[in-house]
2 protein chains.
Amino acid sequence: MSQMETAMSQPETAMSQPVIGVFDSGFGGLTVLRSLVERLPQAEFVFLGDTARLPYGSKSQRTIARYAAESARFLVEEQGAEYLVIACNTASALALDAIAAAVSVPVMGVIEPGAEAAAAATRSGRVMVIATEATVASHAYAEACARRGVLGLEKACPLLVPLVEEGWIEHPVTEQVVQIYLRELLAEARNGGGNPDALVLGCTHYPLLRGVLERNVPPGVAVIDSAEATAEQVAAAMSERAAGSGQRPAEPKVRCFATDSVAKFERLGSRFLGHAVGRVELVDLGG
Amino acid sequence: MSQMETAMSQPETAMSQPVIGVFDSGFGGLTVLRSLVERLPQAEFVFLGDTARLPYGSKSQRTIARYAAESARFLVEEQGAEYLVIACNTASALALDAIAAAVSVPVMGVIEPGAEAAAAATRSGRVMVIATEATVASHAYAEACARRGVLGLEKACPLLVPLVEEGWIEHPVTEQVVQIYLRELLAEARNGGGNPDALVLGCTHYPLLRGVLERNVPPGVAVIDSAEATAEQVAAAMSERAAGSGQRPAEPKVRCFATDSVAKFERLGSRFLGHAVGRVELVDLGG
């Protein structure tokens, strides 16, 4: 069952400015929001970062599903989201069905679009996926690739998120860490025979490292951003509405909520979103 | 009010093998347990890592206090701990009073012993403290130093925990990151006038980086391990019991519990404890 197919079906009550809910356990998903705003400037966005309960990666599937469902209901029932984008690889890997069951609007995760884009890009049928430990442990990307006849070789890169959050984007240490991870992943990938020709960014923090990653992959390896791939899928699903919606507003309509650490969200969020996040509202979803 | 004074008072029902509860939000506190086992080989230890709810650092003080109190009650009421060591800098900084109120046994955190050891070591009256963002934001070390007439200069080093967890202990990247952090901290410290002559390891992960840190501090700067300082305080508090307890057992009696991620605990824990952790039991403390 593909969640994308769910998202493809349009609600009958079309409006000129759809409200799109974007959910992440933290604020990394702002990279997905950024891609969405670029492609759907006429839409209204409500972003929720469940910062009080992050990281989801160290929690059980049952707990993640409960947290994600609560967050999804907040966006749909309290904020009026008509579409839901799960801009979090861990939640997409472990809780997409639970979220879809909790709300009555179309739901799209980041993994299927990322795997779809990788499958479209690869000629060798071998793609590399870098992600957090939790996403790799779920093998959600490998499975999504396998459903498309592609071999997905996953590697956990646990230092990349802290490096991004430290702000060491163009930094010699980050360059070295990326080189070490890619060397290990390429060695493993080539060990099995055949050269991979795509690298999927399977974590919403990684688009900030796109420059250093592109410099360090071998020639001919395409860098695939799951955030962009997801935004393209959402935009395609809404293309009819988007085409008929008229003017682009002066600035995107984005409201941001977080369950904790609003100050850190406001401080770091602009790196991910590409412009100031503005005021982040605190929301309490309970324990 | 000093928690150390509480811990110094002996319970009247002395036993030959006291049960010491050791609590951390994760498994970094195993470095404290390791130091305790070395100094109190006759004792019995029960360790709890609240791994399902880590990291405490991104949560509010109220939430941290509730989690820590629940964990403390588990160790005292269900596991029979007669002493409680809070082997977690964040919980020590933000929840020591809440823990002491929740249980009826002496409670000792890691911050006061760390500050005490730093105050004993410094001649210039200026010490540096490296810790996580949450611990630095609490300024608990600076306050504990100030109560002893010492200036504590704190710096958050958010990359060090992930580097330790990645296993990059003696690694050129870690060496560079340490050099960058120490250079920034020393520049700031000297900017105010006078040379600091002690560096406090204000995070239970950092003792694993003691080698690289000692290589990179200027000559004459003492490296102070809060884990060791805490273990010494606990051992001193129990010296009478320890002296009369007789034989050292063949291997330390240590039972470990975690609220989630038992596999990761077992896999990484031995690095912190210095020997195999053994079987880690899963315990559910609720949401």
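Coordinate-derived values only; no laboratory data. Here the structure is a predicted model, which is why all the values come from computation and not from measurement. All Cβ positions, glycine included, derive from the backbone under ideal geometry; neighbour counts span all protein chains shown.
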Practice task
Set the Förster radius R0 to 41 Å, insert the Cβ-Cβ distance between A:ARG267 and A:SER104 as r into 1/(1 + (r/R0)^6), and round the FRET efficiency to 0.05.
Solution key: 0.70
Handout entry: Long-range HN-HN contacts of B:GLU82 with modeled amide H, under 5 Å
Key = B:VAL19, B:ILE20, B:GLY21
Completion exercise
With +1 at each Lys and Arg Cβ and -1 at each Asp and Glu Cβ, the charge dipole magnitude of chain A around its Cα centre, to the nearest 20 debye, comes out at 360 debye
Practice task
Over the range B:16-92, calculate the relative contact order: mean separation of alpha carbon pairs under 8 Å at least 6 apart, over the residue count, as a percent.
Solution key: 49 percent
Completion exercise
With the dipole of the range B:111-226 defined by +1 on each Lys or Arg Cβ and -1 on each Asp or Glu Cβ, the option from B:SER138, B:PRO172, B:MET128 whose Cα lies farthest towards the positive pole is B:MET128
Exercise for the section: Could you state the angle between the C-alpha long axis of helix B:30-39 and the longest principal axis of the C-alpha atoms of chain B, as a value from 0 to 90 degrees rounded to the nearest 10? Expected result: 70 degrees
Completion exercise
Note: A:169-182 gets an average of partner chain Cβ contacts (10 Å, Cβ to Cβ) equal to 2
Handout entry: Degrees between helix B:172-191 axis and first principal axis of chain B (Cα, 0 to 90, nearest 10)
Key = 70 degrees
Exercise for the section: Using a cut-off of under 17 Å, list every residue of the range A:161-177 whose amide N is near the label point 7 Å from the Cα of B:GLN179 along the Cα-to-beta-carbon line. Expected result: A:171-177
Problem - Crossing angle, helix A:262-273 versus chain A [Cα axis fit, 0-90 degrees, rounded to tens] - result: 60 degrees
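For A:ALA144, what is the net charge nearby, where nearby means another residue's Cβ is under 9 Å from its Cβ and Lys, Arg count +1, Asp, Glu -1?
Local charge sum for A:ALA144: -1.
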Exercise for the section: Would you kindly derive the ³J(HN,Hα) couplings of the range A:217-227 from the backbone phi angles with the Karplus curve 6.51 cos²θ - 1.76 cosθ + 1.60 (θ = phi - 60°), listing them in order in whole Hz, with x for Gly and Pro? Expected result: 7, x, x, x, 9, 7, 9, 10, 9, 4, 4
Exercise for the section: Output the relative contact order of chain B, whole-number percent, from Cα pairs under 8 angstrom with separation of 6+ residues. Expected result: 26 percent
Problem - Rounded to whole Å, sorted largest first: equivalent-ellipsoid semi-axes of the range A:112-227, Cα gyration tensor - result: 22, 15, 12
Practice task
Using +1 at the Cβ of each Lys and Arg and -1 at the Cβ of each Asp and Glu in chain B, identify which of B:CYS157, B:THR51, B:ALA65 lies farthest towards the dipole's positive end.
Solution key: B:CYS157
Practice task
State the Kirkwood hydrodynamic radius of chain B in Å, one decimal place, computed from all pairs of distinct Cα atoms.
Solution key: 18.9 Å
Completion exercise
Under the rule rounded for a/c under 1.5, else prolate if a/b exceeds b/c, else oblate, using alpha carbon gyration tensor axes a ≥ b ≥ c, the protein assembly as shown is classed as prolate
Handout entry: Nearest-0.05 FRET efficiency for B:GLU143 and A:HIS139, computed from C-beta distance (R0 30 Å)
Key = 0.05
Practice task
Could you work out the relative contact order of the range A:112-227, using alpha carbon pairs under 8 angstrom and six or more residues apart, expressed as a whole percent?
Solution key: 35 percent
Problem - Cα-Cα over 27 Å, subset of A:LYS59/A:LYS253; A:LYS59/B:LYS253; A:LYS155/B:LYS253; A:LYS264/B:LYS155 - result: A:LYS59/A:LYS253; A:LYS59/B:LYS253; A:LYS155/B:LYS253
Handout entry: Within the range B:72-95, backbone nitrogen closer than 15 Å to the virtual label 7 Å beyond the Cα of B:LYS253 toward Cβ
Key = B:79-83
